[in-house]
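A.B. asks: Below: one structure in structure tokens.
The values are calculated or read from the model by the stated rules, or taken from the named source; none is laboratory data. What you see is a predicted model, and the numbers here were worked out from it, not measured in a lab. With ideal geometry, Cβ positions are generated from the backbone for all residues, glycine too; neighbour counts draw on all protein chains shown.
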Amino acid sequence: MRSSLRAFVRTILTSSGRFLGVRRGRGSATVPHSETGPYVNRIVADAILLNEIPSPTEGEQARAQHVLQRLLEFGYLDASCDQHGTVRALVPSREPADEHVLLFADIRCEEYSPLESMTRLADGRLYGRGVAESAVGAAGLLVLAEYLAQNEIQYRRPVICLFAPFDLGAGGTQPLERFLEDWKDRVRFAAHVSGLELGRAEERPLGTCRLSVTVRTEEQDLHGPGQALSAIDVIATIAARLGSVRWDSGGDTFLNISRVEAGMGFGWRAAEGLLELEVFSPAAETLAVARTAVEATIRSGAQQGGADVDITVKAFLPPGDPSINAGLAAMVRRAQERLFITSQPAQLPGYGAFLNTHGIPAVTLGMTTGRRTRAEEYVEIRPLETGLRQLLAFLDDCAGWPGKESR
């Protein structure tokens with residue numbers, strides 16, 4: 001199975017003459033988007049290669065160098081990679097322009113596993129831990145850059161393709177912060193290219209704080225005198241307390257317990273457990289207050305149960321700004337209508353909220369559909385062409401064809 005999959009990847013990546021040598025030398029506005037079909041295999045191949053590179057690592061240099069090498073092969077000779085693992089390539093405009101369009105993708109995979117991240121193709125799906133989290137989004141942006149280069153497409157606004165390792169628990173917007181130090185006054189629109197959520201139509205993106213809680217209790221025999229509470233008991237108490245808290249009068253701020261793990265199984269008493277949760281709110285101030293209340297509740301419950309507790313912030317993203325994003329969100333919905341994509345109203349947090357704090361409209365564009373569960377993770381292959389065409393439609397409107405006024 002592995003040899004056949006790698007043969008598939010090699011075949012796709014060495015077939016640029018057959019798949020990609022279409023209509024070179026034509027003007028950008030005359031390249032029909034119906035020619036995007038062959039690029040689906042390219043997205044799958046690049047996602048497979050990227051997903052099996054270990055992550056997270058220091059500076060994500062292995063994944064970053066893979067992306068950089070591919071961009072150089074496409075002809076982006078000025079593509080660069082910094083010491084933090086952020087790769088950047090510029091699609092020049094036909095004429096000089098001050099405003100740019102930023103497309104960015106995450107190359108980091110928090111859930112990488114040497115075994116579970118090995119990919120497989122079956123039933124029109126690509127399976128593997130990390131394919132939906134980051135690999136397909138990054139591969140989609142990479143192949144978009146390839147498409148633009150091969151077809152010699154230039155818009156009225158230059159397009160920046162940015163690939164960065166985001167670590168939300170450690171102030172994970174730092175790649176964008178570094179980028180915006182020099183570029184915030186030159187970016188007109190931005191979009192985060194993600195794996196899932198094809199058809200996402202952002203209305204009022206919520207802010208979020210994601211916490212990982214480790215609970216430890218005394219090691220004890222399964223049966224004995226004076227039994228203290230187990231890690232499961234403590235986690236259950238904490239979860240019950242959190243579930244009874246009313247966060248605001250309107251119910252717009254809420255909490256989701258996303259994962260609970262504890263114990264070794266039959267015959268063992270649970271002495272360590274894991275609780276992961278996330279708080280959502282449309283208001284930054286309320287989100288900060290809710291985070292403080294959640295942490296206080298967790299520590300109080302652990303103390304009462306005689307347990308030690310460690311709280312780690314896995315992610316913190318501010319709420320998006322609907323007033324800044326309204327025009328761009330409407331633009332995306334119109335593009336989805338043209339492509340017959342069913343728009344799904346969403347209030348999920350996104351990287352675009354950070355750009356909103358700099359006054360830049362930003363949305364999330366999903367490449368496909370799929371599923372992430374504890375047992376498996378996969379993306380659907382067939383919708384990838386629609387996802388690629390959505391990116392092109394986004395650029396048509398935001399970057400503007402030559403002679404076409406951008407809205």
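A.B. asks: When only residues in segment 218-235 that are in a loop (DSSP other than H, G, I, E, B) and over 11 Å from TRP268 (Cβ atoms) count, which is modelled with the lowest pLDDT? Don't jump to the end; show me each part of the working.
C.D. replies: As a first pass, look at segment 218-235 and keep what is in a loop (DSSP other than H, G, I, E, B): 218-230.
Adding the requirement that they be over 11 Å from TRP268 (Cβ atoms) leaves 218, 223-229.
Values: GLU218: 88, HIS223: 72, GLY224: 65, PRO225: 62, GLY226: 58, GLN227: 67, ALA228: 76, LEU229: 87.
Here the answer is GLY226.
A.B. asks: Oh, and also: So PRO349 passes all but one of these: (1) at pLDDT 90 or above; (2) out of contact with any Asp or Glu (no Cβ under 8 Å at 6 or more places or on another chain); (3) not β-branched (Val, Ile, Thr). Which condition number does it fail?
C.D. replies: Just one mismatch for PRO349, condition (1).
A.B. asks: Within segment 208-220, is there a residue that is surrounded by 15 or more Cβ atoms within 10 Å (Cβ to Cβ) and charged (D, E, K, R)?
C.D. replies: There is at least one residue in segment 208-220 that is surrounded by 15 or more Cβ atoms within 10 Å (Cβ to Cβ) and charged (D, E, K, R).
A.B. asks: Let me ask something else. Please go through segment 169-205 and pick out each residue that is surrounded by fewer than 22 Cβ atoms within 10 Å (Cβ to Cβ), in contact with a Leu (Cβ under 7 Å, 6 or more places away or on another chain) and outside any strand (DSSP E or B).
C.D. replies: PHE179
A.B. asks: So is ARG371 closer than 23 Å to SER134 by Cβ and not in a loop (DSSP other than H, G, I, E, B) or not? So that I can check it myself, show each step before the final result.
C.D. replies: On the way: closer than 23 Å to SER134 by Cβ: yes; not in a loop (DSSP other than H, G, I, E, B): yes.
Yes: the conditions hold for ARG371.
A.B. asks: Let me ask something else about it. State yes or no: is VAL279 in a helix (DSSP H, G or I) and touching a residue at least 60 places away in the same chain (Cβ under 8 Å)? Outline the logic, then answer.
C.D. replies: Details: in a helix (DSSP H, G or I): no; touching a residue at least 60 places away in the same chain (Cβ under 8 Å): yes.
No, not satisfied.
A.B. asks: Is it the case, given these coordinates, that VAL193 is touching a strand residue (DSSP E or B) at 6+ places or on another chain (Cβ under 9 Å), in the same structural domain as SER134 (by TED's automatic domain parsing) and at pLDDT 95 or above? Before you say what the answer is, go through the steps one by one.
C.D. replies: Details: touching a strand residue (DSSP E or B) at 6+ places or on another chain (Cβ under 9 Å): yes; in the same structural domain as SER134 (by TED's automatic domain parsing): yes; at pLDDT 95 or above: yes.
Yes, satisfied.
A.B. asks: Now for a different question. Give the residues of segment 61-84 that are small (Gly, Ala, Ser) and surrounded by fewer than 20 Cβ atoms within 10 Å (Cβ to Cβ), sorted by residue number. Walk me through it before giving the result.
C.D. replies: Going residue by residue through segment 61-84, those that are small (Gly, Ala, Ser) are 62, 64, 75, 79-80.
Correct list: ALA62, GLY75, SER80.
A.B. asks: Any idea how many residues of segment 352-380 are closer than 25 Å to GLU276 by Cα, at pLDDT 90 or above and among the β-branched types (Val, Ile, Thr)?
C.D. replies: 3
A.B. asks: So PRO383 clears everything in (1) modelled with pLDDT of 95 or more; (2) out of contact with any helix residue (DSSP H, G or I) (no Cβ under 8 Å at 6 or more places or on another chain); (3) within 17 Å of ALA105 (Cα to Cα) except one condition, right? Which one?
C.D. replies: Tallying (1) modelled with pLDDT of 95 or more; (2) out of contact with any helix residue (DSSP H, G or I) (no Cβ under 8 Å at 6 or more places or on another chain); (3) within 17 Å of ALA105 (Cα to Cα), PRO383 fails exactly one: (3).
A.B. asks: Of everything in segment 311-361 that's assigned to a loop (DSSP other than H, G, I, E, B) and touching a His at 6+ places or on another chain (Cβ under 7 Å), which residue is nearest to GLU202 (Cα to Cα)? If you could, list the steps in order and put the result at the bottom.
C.D. replies: From segment 311-361, those assigned to a loop (DSSP other than H, G, I, E, B) are 318-321, 339-343, 347-351, 357-361; that's our starting set.
Keeping just the survivors that are touching a His at 6+ places or on another chain (Cβ under 7 Å) gives 350-351.
Numbers: GLY350: 10, TYR351: 12 Å.
Within segment 311-361, the match that is nearest to GLU202 (Cα to Cα) is GLY350.
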